[in-house]
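Here's the structure, in structure tokens; my notes come after.
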Amino acid sequence: MRACNHSRASAPRRKGLVEQRIVAKHTPSIAKNQMRRCCIAVIDPPPSNADIDRLWKFFDSSCAYCGAALVRGERRDHVLSQSALGTNDIHNQVLSCGLCNGDEKREEPWESFLARKVSSASLQRRRRARIEEWMQQAPPGRLSISSKKRRTAEAIARAFKDFDAAVEELRALKGRST
Ligand SMILES: [Zn+2]
């Protein structure tokens, strides 16, 4: 909303530029990219702010792996990675410091990462139980879209086919006199 008002306020000065940018965006391939992102956001929406609040509270504002204190806004880690078709569901995310998430864990399964990160067996058990407790709160089938991957791809392909046919029809119509 704020960004919208801002661009409107400065619109007269940059009018030519803004119009040029909008025209450039109206291509079928850009529309299809947007359609794909939109479809994926339907099946795998990002977490709400209330969900993110719950996550920070549950993990007591500290890294789920090493226990480092975090300040709000620091990163979150997908427990099941996107290559494992893990979702954006809040229960597939834990709080993670930059070192654990960005530098050390990367695509490694969280269980083995936690095992090599935390040397104390009892601490390791506690942190593992905490993460599992959080993941178990996910509604059924929400941690991974692996079982829904084929149907998601089919639905997107169907939308593209209809869209391509509409574009072809309009291109043909453009060249007609009536
Ligand atoms: Zn950490």
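The values are calculated or read from the model by the stated rules, or taken from the named source; none is laboratory data. Source: prediction; values computed, not measured. Reconstructed Cβ throughout: ideal geometry from the backbone, glycine too, with neighbour counts over all protein chains shown.
Which is more than 13 Å from CYS66 (Cα to Cα), surrounded by 12 or more Cβ atoms within 10 Å (Cβ to Cβ) and of a type in the set (Lys, Arg), of LYS161, LYS117, LYS174, LYS149?
Details: LYS161 fails: surrounded by 12 or more Cβ atoms within 10 Å (Cβ to Cβ); LYS117 fails: more than 13 Å from CYS66 (Cα to Cα); LYS174 fails: surrounded by 12 or more Cβ atoms within 10 Å (Cβ to Cβ).
Exactly one of LYS161, LYS117, LYS174, LYS149 is more than 13 Å from CYS66 (Cα to Cα), surrounded by 12 or more Cβ atoms within 10 Å (Cβ to Cβ) and of a type in the set (Lys, Arg), namely LYS149.
Would you check which residues across segment 140-156 are touching a residue at least 24 places away in the same chain (Cβ under 8 Å) and not in a helix (DSSP H, G or I) and list them? Steps first, answer last, please.
Just the residues of segment 140-156 that are touching a residue at least 24 places away in the same chain (Cβ under 8 Å), to begin with: 142-146, 148-149, 152, 155-156.
Across segment 140-156, the qualifying residues are ARG142, LEU143, SER144, ILE145.
Out of all the residues in segment 53-75, which are without any contact (Cβ under 8 Å) to a residue 12 or more places away in the chain, over 19 Å from the mean Cα position of the chain (by Cα) and assigned to a helix (DSSP H, G or I)? Don't jump to the end; show me each part of the working.
In the first step, residues of segment 53-75 are kept if they are without any contact (Cβ under 8 Å) to a residue 12 or more places away in the chain; the result is 53, 57, 60, 69, 71, 73.
Narrowing the set further to residues that are over 19 Å from the mean Cα position of the chain (by Cα) leaves 57, 60, 69, 71.
The one that is without any contact (Cβ under 8 Å) to a residue 12 or more places away in the chain, over 19 Å from the mean Cα position of the chain (by Cα) and assigned to a helix (DSSP H, G or I): LYS57.
Just give me the residues in segment 110-122 being in contact (Cβ under 8 Å) with a residue 12 or more places away in the chain and either of a type outside the set (Lys, Arg) or over 23 Å from ILE90 (Cβ atoms) (or both), in sequence order.
In the first step, residues of segment 110-122 are kept if they are in contact (Cβ under 8 Å) with a residue 12 or more places away in the chain; the result is 110-111, 113-114, 117-118.
Across segment 110-122, the qualifying residues are TRP110, GLU111, PHE113, LEU114, VAL118.
Sort out which residues of segment 76-114 are more than 14 Å from the ligand (Cβ to nearest atom) and assigned to a helix (DSSP H, G or I), and write them in order of number.
GLN82, SER83, ALA84, ILE90, HIS91, ASN92, GLU111, SER112
Answer yes or no as to whether THR87 is among the polar types (S, T, N, Q), at pLDDT 90 or above and surrounded by fewer than 14 Cβ atoms within 10 Å (Cβ to Cβ).
Numbers: among the polar types (S, T, N, Q): yes; at pLDDT 90 or above: yes; surrounded by fewer than 14 Cβ atoms within 10 Å (Cβ to Cβ): no.
Criteria not met by THR87.
Filter segment 90-112 for residues that are buried (at least 19 other Cβ atoms within 10 Å of the Cβ) and within 22 Å of GLN137 (Cβ to Cβ) and give the result. Walk me through how you get there before you give the answer.
Step one: of segment 90-112, the residues buried (at least 19 other Cβ atoms within 10 Å of the Cβ) are 90-97, 100-101, 105, 110.
Passing the criteria: ILE90, HIS91, ASN92, GLN93, VAL94, LEU95, SER96, CYS100, ASN101, LYS105, TRP110.
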